[in-house]
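> Take a look at this one; I'll ask things after.
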Amino acid sequence: MGYAIDKWMAAWNMDSREVKVGPWPDVSGWSGRYDMSLGCDSSNRQRMSAEGKAMMLFIDFHSLVVGRGLDPQAVHHEFLKVDEYRRRISPDIPGADL
């Protein structure tokens, strides 16, 4: 069981390049130990269609890997926690929902 398309956020530390995907809203405060975050914590995203939210999910992945220089496999491993990510990646990628 993972996170729904509008119930997740990613957080990362700029110095260690550590990344984590967890629940949004962050009622437990898990993301407080990270420098930055993105994902469903944007109010604009909450008003998007399901297709728009899925598009933003992959834009976020790209932003973390290319824009922030995080390890693609580490980001992929964490994004596998998001149901829609697993459904939309190529079926030959480890972790994809078939």
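> Considering only the stretch 72-89, state which residues are touching a residue at least 24 places away in the same chain (Cβ under 8 Å), basic (Lys, Arg) and assigned to a helix (DSSP H, G or I).
Across the stretch 72-89, the qualifying residues are 86, 88.
> Among the candidates 69, 32, which residue alone is in a helix (DSSP H, G or I) and of a type in the set (Gly, Ala, Ser)?
32
> Would you mind telling me which numbered condition in (1) in contact with a Gly (Cβ under 9 Å, 6 or more places away or on another chain); (2) exposed (fewer than 15 other Cβ atoms within 10 Å of the Cβ) residue 9 fails?
Every condition holds for residue 9 apart from (2).
> Name the residues in the stretch 6-43 that are farther than 22 Å from residue 68 by Cα and of a type outside the set (Asp, Glu), would you?
Answer for the stretch 6-43, where residues must be farther than 22 Å from residue 68 by Cα and of a type outside the set (Asp, Glu): 7, 25, 27, 28, 29, 43.
> In the stretch 46-57, is there at least one residue being basic (Lys, Arg), surrounded by 14 or more Cβ atoms within 10 Å (Cβ to Cβ) and part of a helix (DSSP H, G or I)?
Looking through the stretch 46-57, at least one residue is basic (Lys, Arg), surrounded by 14 or more Cβ atoms within 10 Å (Cβ to Cβ) and part of a helix (DSSP H, G or I).
> How about the stretch 35-56: which of its residues are closer than 17 Å to residue 81 by Cβ and in contact with a Phe, Trp or Tyr (Cβ under 6 Å, 6 or more places away or on another chain)?
Result: 39, 40, 41.
> Next question. With touching a residue at least 40 places away in the same chain (Cβ under 8 Å) and assigned to a loop (DSSP other than H, G, I, E, B) as the only criterion, which of 92, 60, 6 stands out?
Answer to the check: 6.
> Can you pull out every residue in the stretch 44-78 that is within 13 Å of residue 9 (Cβ to Cβ) and more than 14 Å from the chain's Cα centre (by Cα)?
46
> Test residue 98 against the criterion of being hydrophobic (A, V, I, L, M, F, W, C) and in contact (Cβ under 8 Å) with a residue 24 or more places away in the chain, and give yes or no.
Here the answer is no, as residue 98 does not meet what is asked.
Read-outs throughout are calculated quantities, based only on the coordinates presented, and are distinct from any laboratory measurement. Remember, it's a predicted structure, so these values are computed and weren't measured experimentally. Don't worry about glycine lacking a Cβ; one is built from the backbone with ideal geometry, like all the others, and counts go over all protein chains shown.
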